[in-house]
1. Applying the selection to segment 313-339, what residues are more than 17 Å from the chain's Cα centre (by Cα) and under 14 Å from residue 267 (Cα atoms)?
2. For residue 265, work out the one condition from (1) in contact with an Asp or Glu (Cβ under 8 Å, 6 or more places away or on another chain); (2) of a type in the set (S, T, N, Q); (3) farther than 13 Å from residue 224 by Cα it doesn't fulfil.
3. Residues of segment 127-164 being of a type in the set (Asp, Glu) and either free of Cβ contacts under 8 Å to residues at least 60 places away in the same chain or in contact with a Lys or Arg (Cβ under 7 Å, 6 or more places away or on another chain) (or both), which ones?
4. Which of the residues that make up segment 204-224 are in a strand (DSSP E or B) and either more than 8 Å from the chain's Cα centre (by Cα) or of a type in the set (Phe, Trp, Tyr) (or both)?
5. Please pick out the residue among 442, 420 that is in contact with a helix residue (DSSP H, G or I) (Cβ under 6 Å, 6 or more places away or on another chain) and modelled with pLDDT under 95.
6. State which residue is nearest to the chain's Cα centre (by Cα) when the search covers only segment 240-257 and only residues that are among the hydrophobic types (A, V, I, L, M, F, W, C) and crowded, with 24+ Cβ neighbours inside 10 Å.
7. Which ranges mark the strands (runs of 3 or more DSSP E) fully within segment 250-320 that have 3 or more residues being farther than 16 Å from residue 357 by Cα?
8. Report yes if some residue within segment 163-181 is out of contact with any Cys (no Cβ under 9 Å at 6 or more places or on another chain), assigned to a strand (DSSP E or B), farther than 24 Å from residue 266 by Cβ and modelled with pLDDT of 95 or more; otherwise report no.
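The values are calculated or read from the model by the stated rules, or taken from the named source; none is laboratory data. All values reported here derive from a predicted model rather than from experimental measurement. FYI the Cβ positions are ideal-geometry reconstructions off the backbone, even for glycines, and counts take in every protein chain you see.
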Amino acid sequence: MGVITMLRFTLIISICIGVFITPVRAQSPLTLSEFTDCIGADGAIHGYGDTCWLGINAASGSNGVWDVSNTLAIGRSVEIIGTAGDSTDVILRRTTSLGSMPIMFGNGGITVTIHWLTFDGNRQNTTPCATSNPTGVDLNLSSVGNVTVQDVSFIDAPWDSLYLGGNASTVSYSNFGQGFVRPDRGYSRTGPQTAARWNSVFLLSDNSGAWVNNIANSGVTAVTVYSGTTEYVVGNIVLRNRYEQPDGVSGGQIYVIYGGPTYASIANNLINGDYWHTTGKDPSNTDILCYPGGSGLYPFGVEGFGIGHHYFNNSIIQNLGYGMLLRASDTSGGTLDSNTISGYDPFCTEGCTYVPHYIDSNAGCWEINQCFGVGYPASMGVAGLNINNSGGTASNITLDHVRVSNSGRFGVSIYNVSGGPGFTDSQNGGFNYACIYNNTGGDLITSGSAAGYMSFTNSSP
């Protein structure tokens, strides 16, 4: 690329004796050292404006990549950019000196925007097979006021990729575990080779959201809704997460955690398990970097707990476990209340063509006799959609024209759910319409539940 010329202008205008305007530097691509000063708390004092533009590393032998040995600290409200329109061009790469510290960290009530960068956790050359998660993360924005992450690539996280805090913060149009091919930067890796060992996105604050991202091959979850209220997971393509499963358990690609968030909306996502299950490590398969946490583990589409959540018109397909598993607790004593599962999509408004989506071709673990081991009992309700009280209380669930088909075991399994309305159709007079068919073990199995959950009427999609 050649040497990037750094343009600097120092303009000091005397307004009156002893009073000056702070010098402002012309906007131009920065070296890593200059970028560090720019994003820091004293960036304005050093003469930097509110945009910090990181250039390509022009040093000989660098392949254009910046190796990060000390966490880059964002200390002020700022826009951070790489090469406009190309998130793969400017790369920040973790070194062993960081340990489990983040590549970049933000703190305080600041507003931050990040565009067009790649965060490389360098898992293959630092900590490739972490067997526990010490809350290590590549981009830690858990303690900021508001943040927008857009058009960013995340590759090779040894632990997690992104913690997103701050009211109404968003990550959108970004890539996680999608493969990375830049021969001029020394990269040619497949999707699984670039995936996070543990989790890709944690949503930590009120009104935060993951919108229209591509998230694949994470060792554990694609998105974890961890805390806060009114979070959004909308329009994402989610593929074959729970890939290495270092935690040693089967679970949801999208996970609404127990005891944390309320009133989240999970809408219009494509959640594809790709019939994946762990089989141990085949040394000839270079896509799996580490031995999985167990053999015969598999993904669910969505796993959720809690109060007031809405699941709208998600396409949940080819997960060997449950398509959706909603329950009161992962131990005992919790509450699953006022959740809605709907075939309709309130997020599809102007400029959107509504397409009915299905919970389809899930629960295949039954057919290969791997549902949590041999002899998994029918009473446990391996299903495209399972709702149960799980030792706590489950109540007031709305099944609004749900669509479940071609499950390897049951279509819908409902266990000890009280209240109502149960099966309904918000756009057709509240009748108990649904579209549930061709499920191997039966379309509906219920036990101990209220009348509204006991039957439905098949209707058009």
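1. Within segment 313-339, 313, 339 qualify.
2. (3)
3. Correct list: 138, 156, 160.
4. 209, 211, 214, 216
5. None of the others qualify; the one that does is 420.
6. By that ranking, first place goes to 254.
7. 251-256, 299-304
8. Yes, because at least one residue in segment 163-181 is out of contact with any Cys (no Cβ under 9 Å at 6 or more places or on another chain), assigned to a strand (DSSP E or B), farther than 24 Å from residue 266 by Cβ and modelled with pLDDT of 95 or more.
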